[in-house]
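None of the figures in this text is laboratory data; all of them are computed from the coordinates on show. Because the structure is predicted, anything quoted here is derived from the model rather than measured. Because the Cβ atoms are built from the backbone with ideal geometry, glycine has one as well, and the counts that use them run over all protein chains shown.
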Ligand code: BMA
């Protein structure tokens with residue numbers, strides 16, 4: 001009888017995913033709290049985020065307290081995305097010209113008001129020294145332990161760790177960050193993508209990175225995001241390159257409405273389909289789902305927010321959706337890039353309706369205690 005009881009209890013225990021604990025068992029108190037609070041908030045609605053929100057917008061740069069979302073709604077986003085590309089070279093500014101010194105301040109400002117911070121890293125190719133968009137064959141082999149560029153990769157990781165460990169709150173506590181390394185790996189454009197890494201190499205790269213940050217550098221203010229593109233069609237294909245429950249906290253994917261005339265309904269369907277899969281995997285694993293990056297460049301459809309985006313996200317349980325950066329005119333490429341409206345942009349009025357939807361959470365819906373306590 002006793003044995004049967006033990007077997008049943010063990011079987012039940014094995015099925016119940018761990019709740020309320022990040023993958024890093026030594027995560028700081030605020031990081032554990034962030035994780036628990038994200039789990040709670042998922043039931044209330046989804047947070048709206050914006051990349052580089054506080055640094056610049058369309059036709060402005062580095063104006064204290066400004067953000068394009070705030071210009072349009074009177075409120076800040078709830079999630080703030082930042083990017084570390086070029087920190088690995090010891091540069092003072094990132095690949096999009098944001099000074100790391102300013103980034104640190106913006107992160108601390110947002111943290112104080114209960115904003116959530118997420119960080120991506122388009123790091124240069126450690127083997128060739130070219131950009132992240134250099135899928136040179138052999139890159140991942142060369143940076144593995146024993147590879148001839150391993151030491152270069154370690155130096156890169158050290159720079160990343162230094163920055164993450166420099167993010168401090170008012171009492172000197174480390175600021176929690178949702179770290180989203182090696183993203184969009186199911187495409188072939190980055191050196192960590194599927195053109196240069198097979199599934200095992202990708203998993204190995206992710207696991208090595210987490211292990212190095214945690215154990216060698218004692219970075220314990222991170223929640224880790226696994227972040228695919230939108231190529232997957234099932235839970236199995238979503239998880240093909242999944243590095244393991246012990247190194248992942250958030251399950252995410254990137255999904256854009258194509259600039260090449262993709263219809264609103266096509267975007268709506270693919271986003272809803274992807275979210276349905278990721279949400280189910282997150283529930284089953286006791287992890288948190290989120291949309292890592294999305295948007296429709298230059299938001300050409302006046303009612304995109306309420307007629308395309310919001311219906312795609314409606315009814316799903318996930319923590320946040322992050323819109324990519326409002327770069328404005330990129331002179332070098334002669335391209336215009338922005339994903340949220342600025343004052344006067346054609347979808348601004350509709351964004352205000354989106355802002356007022358009960359399920360969308362912006363900064364005024366949150367405060368420090370709700371996120372970090
Ligand atoms: C891309 C574009 C680039 C940028 C890169 C990294 O999607 O926005 O202009 O350099 O992200 O932030």
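Just a few scattered comments:
- Cα centroid of segment 287-332 to Cα centroid of segment 31-89, whole Å: 13 Å
- In this simple spin-label approximation, residue 62 and residue 330 carry label points 7 Å from Cα along the Cα→Cβ vector, and these lie 2.1 nm apart.
- Mean separation of Cα contacts under 8 Å (6+ apart) over length of the chain, as relative contact order %: 24 percent
- In plain terms, if you count all Cα to Cα distances in segment 30-154 and split them into 10 Å steps from zero, the share in each step is 12, 33, 27, 22, 6, 0 percent.
- Only helical runs count toward this figure. For the chain, summing -39,500 (n - 2.57) over DSSP H runs of n ≥ 4 and dividing by all residues gives -10000 deg cm²/dmol at 222 nm.
- Distance-filtered residues of segment 98-133 - backbone nitrogen under 18 Å, label point 7 angstrom along residue 141 Cα→Cβ: 126-129
- Efficiency of FRET between residue 155 and residue 272 - r from beta-carbon atoms, R0 35 angstrom, step 0.05: 0.25
- Antiparallel beta bridges, as assigned by DSSP with both residues in the chain, represent about 15 percent of the total such bridges.
- With the Kirkwood sum run over all distinct C-alpha pairs, the chain has a hydrodynamic radius of 21.1 Å.
- Residue order, fewest to most surrounding Cβ atoms within 10 angstrom, among 168, 343: 343, 168
- Gyration tensor (alpha-carbon) shape descriptor, segment 109-241, a/c threshold 1.5: oblate
- Which of 148, 158, 350 has the fewest Cβ neighbours within 10 Å, and the rest in rising order: 148, 158, 350
- Extension gain, residue 91 to residue 207, is 39.2 nm, computed as 0.36 nm per intervening residue step minus the present C-alpha separation.
- The fewest-to-most ranking of 157, 309, 54 by surrounding Cβ atoms within 10 Å reads 157, 54, 309.
- Working from Cα pairs under 8 Å separated by at least six residues, relative contact order for segment 242-373 is 24 percent.
- Segment 146-177 residues near the modelled residue 217 label - backbone nitrogen below 15 Å, point 7 Å along Cα→Cβ: 151-168, 175-177
- Result for the chain in a Gaussian network model with C-alpha springs under 10 Å: among 328, 114, 193, the largest mean-square fluctuation is at 328.
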